[in-house]
């Protein structure tokens, strides 16, 4: 079906939403209307409840029937994986490969330690082995036994399992065996969700393929149920509204596009933030930047190079949990405004990863929090003064009351840091050092010099600390977008429509049949373009990435090149990328192609016709009486010298000593950092 809900459709409201660990942020736009923002407390037990509440706050009641589309990033799949709260899932694999999930790549949870554990998402007693074998070229060595598969299906039925993952050796070269298993399971278990590795990740790498397929099955019933309930409840509010979901690759798909592939929604919230950051950078003419998203519970770091977010297939949510599908290259740590400060057993100050979350939240929120958080430290330091979070929630807890509660509940902290100034400064220094280390992990360890990049700071707490991170890393510029606390919701609303797929083409470049490779890749491109046009009915742009490596190495590099690229040009591009990351080559090793990834995207129509600077809160707001600067009152051309704080309704900005903030086009702020 063609897209009848593009952003240039007049007289309709379009809503972007981001469900975070502490707050759910929304922005609503309609042609001829001022964009409206809303921020409500996240409801972890049912994310849809906060999202729907925010929609009613952001869109005027008379406009509810005119809501045409809601786009949002969801943490349903990510949280289920990290918290081990997915559905009862079984796995069917070849004889001898039952324990692949536990064996992994034989690494350790702590590289230099002997302690640690890994709990697989599918327990061993629900992992079944079947006969049958293909060689690495897809030739059949042993046929599958259909009677054996039916017997296993009957055993699975007795276990009340909700989903099954099917992973057989070398199915990327020949899907016949997996197709037989799936067909029989569908006949015997009609109410059970089936995920086949040949559809999820058809490429070399048995462990990664098994992990991706198992996780896809593990979360699919949950995400399907959540989105179904959201669509149903939204129809009561807006009968014509269509729901779209952010993907980890930075694009969006309609709800029906997530069927069978829910794992695409992993890290969709941070990906939406990078889509918004990309738009801001484009407005400012900045090509290379480090994106820093600090919310209530986490700190997410990504890279934009040459105007595009950097992608990866090496994302690992936690130890032994790789997500090999293409996603934006984002690193996440537990460092947010709600991160709790405490002394460890050795008396060292620690901040995070434990978070106060949405409930009770920081002490400052006045909702029952009793332990010092990063947000509270900023209040004690006089850097956070706004009296509202953009939701009408008035904050009644004063700095004096925060100190009194900390003195009562965490006396060891007060003993170690006897004044509020000492304690707040120490907490801020620790959290900044933690976040700086995360940025180094994605830059210095990947052959990038942070000094060659700007920082884009967003999320509710990002702008409070970004300039200090920049100082620590020698970075000269920090960009703070208009409404940085709403950038993820904005990114969801303006993100491209996108699909991608992977095809296995394996062999040494020197002897590879490049003509056959070109034919295979063009066929994959054609299928993606047709599918995307079926959803959206618009012109589609494609990009192709070749996964290359030196022979006998485990790790690979994706090199972007056109369809039909010559062997010489592909080798040259690979060597250049390899040198950037590792600084040396393996001159005696052949270069091998492992797979090809094809990405199809089309721009969201109407996305260029408005800006975040035009947005207003759905709640009447006034500046704090003691605020040095109030961001809504600033105008383009204003110059502010540090040290000071710019208070705002969604995210305040710290300008350290020696730094200068400039209000520039579209209401954004650029801080020139003196390192």
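The values are calculated or read from the model by the stated rules, or taken from the named source; none is laboratory data. Note that this is a predicted model, so its numbers are computed, not measured. Glycine gets a Cβ as well: all are built from the backbone with ideal geometry, and neighbour counts include every protein chain shown.
Under the condition of being surrounded by fewer than 21 Cβ atoms within 10 Å (Cβ to Cβ), part of a helix (DSSP H, G or I) and touching a residue at least 24 places away in the same chain (Cβ under 8 Å), the residues counted in region 436-449 number 6. The residues in region 530-573 that are part of a helix (DSSP H, G or I), in contact with a strand residue (DSSP E or B) (Cβ under 8 Å, 6 or more places away or on another chain) and modelled with pLDDT of 90 or more can be counted, and the count is 3. Scan region 70-88 for residues that are within 24 Å of the chain's Cα centre (by Cα) and modelled with pLDDT of 90 or more and the total you get is 4. The residues in region 134-171 that are surrounded by fewer than 18 Cβ atoms within 10 Å (Cβ to Cβ) and more than 16 Å from residue 185 (Cα to Cα) can be counted, and the count is 9.
Scanning region 450-460 for residues that are within 21 Å of the chain's Cα centre (by Cα) and exposed (fewer than 13 other Cβ atoms within 10 Å of the Cβ) returns no hits. In region 549-565 there is at least one residue that is in contact (Cβ under 8 Å) with a residue 24 or more places away in the chain, surrounded by 15 or more Cβ atoms within 10 Å (Cβ to Cβ) and in contact with a helix residue (DSSP H, G or I) (Cβ under 6 Å, 6 or more places away or on another chain).
Quick one: in region 326-354, which of the residues that are touching a helix residue (DSSP H, G or I) at 6+ places or on another chain (Cβ under 6 Å) and assigned to a loop (DSSP other than H, G, I, E, B) is nearest to residue 557 (Cα to Cα)? Going through the qualifying residues, I end up with 330. Considering only residues that are at pLDDT 95 or above and over 18 Å from residue 131 (Cβ atoms), look in region 172-189 and name the one that is surrounded by the fewest Cβ atoms within 10 Å (Cβ to Cβ). By that ranking, first place goes to 187. Of everything in region 406-419 that is more than 35 Å from the chain's Cα centre (by Cα) and assigned to a helix (DSSP H, G or I), the residue that is surrounded by the most Cβ atoms within 10 Å (Cβ to Cβ) is 414.
Any chance region 204-215 includes a residue that's outside any helix (DSSP H, G or I) and more than 20 Å from the chain's Cα centre (by Cα)? The answer is yes, given that some residue of region 204-215 is outside any helix (DSSP H, G or I) and more than 20 Å from the chain's Cα centre (by Cα).
Entry remark, region 49-84: residues being in contact (Cβ under 8 Å) with a residue 60 or more places away in the chain and within 30 Å of residue 159 (Cα to Cα) number 8 in total.
Right, residue 280: crowded, with 24+ Cβ neighbours inside 10 Å, at negative phi and assigned by TED's automatic domain parsing to the domain that holds residue 439 or not? Against the criterion (crowded, with 24+ Cβ neighbours inside 10 Å, at negative phi and assigned by TED's automatic domain parsing to the domain that holds residue 439), residue 280 qualifies.
Restricting attention to region 450-471, the residues that are in a helix (DSSP H, G or I) and either closer than 28 Å to residue 42 by Cβ or in contact (Cβ under 8 Å) with a residue 40 or more places away in the chain (or both) total 12.
Scanning region 355-367 for residues that are farther than 22 Å from residue 404 by Cβ and outside any strand (DSSP E or B) yields 357, 358. Note on region 212-229: residues that are surrounded by 22 or more Cβ atoms within 10 Å (Cβ to Cβ) and touching a strand residue (DSSP E or B) at 6+ places or on another chain (Cβ under 6 Å) amount to 6.
Got a number for residues in region 139-181 being in a loop (DSSP other than H, G, I, E, B) and more than 35 Å from the chain's Cα centre (by Cα)? Qualifying residue count for the region: 4.
Which residues, counting only those in region 626-662, are within 20 Å of residue 459 (Cα to Cα) and assigned to a helix (DSSP H, G or I)? The answer is 631, 632. Restricting 54, 73 to those that are crowded, with 23+ Cβ neighbours inside 10 Å, touching a strand residue (DSSP E or B) at 6+ places or on another chain (Cβ under 7 Å) and within 25 Å of residue 216 (Cα to Cα) reduces the list to 73.
Each row is one residue, and each column tells you yes or no for (1) surrounded by 22 or more Cβ atoms within 10 Å (Cβ to Cβ); (2) out of contact with any strand residue (DSSP E or B) (no Cβ under 8 Å at 6 or more places or on another chain); (3) over 27 Å from residue 107 (Cα atoms).
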residue	(1), (2), (3)
319	no, yes, no
323	yes, no, no
328	yes, no, no
334	no, no, no
339	yes, no, yes
342	no, no, yes
346	no, yes, yes
354	no, no, no
358	yes, no, yes
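Tell me yes or no: at least one residue of region 219-232 is outside any helix (DSSP H, G or I) and touching a residue at least 24 places away in the same chain (Cβ under 8 Å). No: zero hits.
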